[in-house]
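What follows is a set of notes on a single structure, which appears directly below.
The values are calculated or read from the model by the stated rules, or taken from the named source; none is laboratory data. The shown structure was predicted, so the numbers you read here are calculated from the model rather than taken from an experiment. Neighbour counts run over all protein chains shown; Cβ positions are idealised from the backbone, glycine included.
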Amino acid sequence: MQPADGPGATRCLSHPHELALGGIPVMCSGCRARRDWLLINHGRNVWVCCRCGDQRLEPEISRADFDALIASPYGTIYSTVEEGLAALGFDGVFAGAYLE
Ligand SMILES: [Zn+2]
């Protein structure tokens, strides 16, 4: 058994609110959503995932930032990417939900 927060662990965090980097809200390049993110941390890297399926490596978010977000009262932590994706409906079911 590996600890869920070990250095090699993959952690997911829901982030229902806007995510500002340097004061600028992150916006999805796919569907222009500005909130309701899933953040994935593995090693030094943090990915930002949108419900539309768009996901990108976000170098401005460090592991320390991720740890700070996890410490906030907002997020829900999932120990695997699959668990997070399924629990949050990020499996593509809601793709296009923001499109009108
Ligand atoms: Zn999107």
- Considering segment 14-30 alone, what residues qualify as being within 13 Å of the ligand (Cβ to nearest atom) and either small (Gly, Ala, Ser) or crowded, with 17+ Cβ neighbours inside 10 Å (or both)? LEU19, VAL26, CYS28, SER29, GLY30
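Considering segment 63-78 alone, what residues qualify as being in a loop (DSSP other than H, G, I, E, B) and in contact with a helix residue (DSSP H, G or I) (Cβ under 9 Å, 6 or more places away or on another chain)? Walk me through it before giving the result.
Just the residues of segment 63-78 that are in a loop (DSSP other than H, G, I, E, B), to begin with: 72-76.
GLY75, THR76 - these are the residues of segment 63-78 that are in a loop (DSSP other than H, G, I, E, B) and in contact with a helix residue (DSSP H, G or I) (Cβ under 9 Å, 6 or more places away or on another chain).
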- Query: Does ARG56 meet the test of being charged (D, E, K, R), in contact with a strand residue (DSSP E or B) (Cβ under 8 Å, 6 or more places away or on another chain), modelled with pLDDT of 80 or more and farther than 15 Å from TRP37 by Cα?
  - Reply: no
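So, ILE61, is that one at pLDDT below 90, crowded, with 16+ Cβ neighbours inside 10 Å and more than 16 Å from the ligand (Cβ to nearest atom) or not?
Working: at pLDDT below 90: no; crowded, with 16+ Cβ neighbours inside 10 Å: yes; more than 16 Å from the ligand (Cβ to nearest atom): yes.
When the stated conditions are applied, ILE61 does not pass them.
Can you name every residue in segment 31-51 that is on the phi > 0 side of the Ramachandran plot and within 11 Å of the ligand (Cβ to nearest atom)? Quick ask: steps written out before the conclusion?
To start, the set of residues in segment 31-51 that are on the phi > 0 side of the Ramachandran plot comprises 32, 36, 43.
Correct list: ARG32, ASP36.
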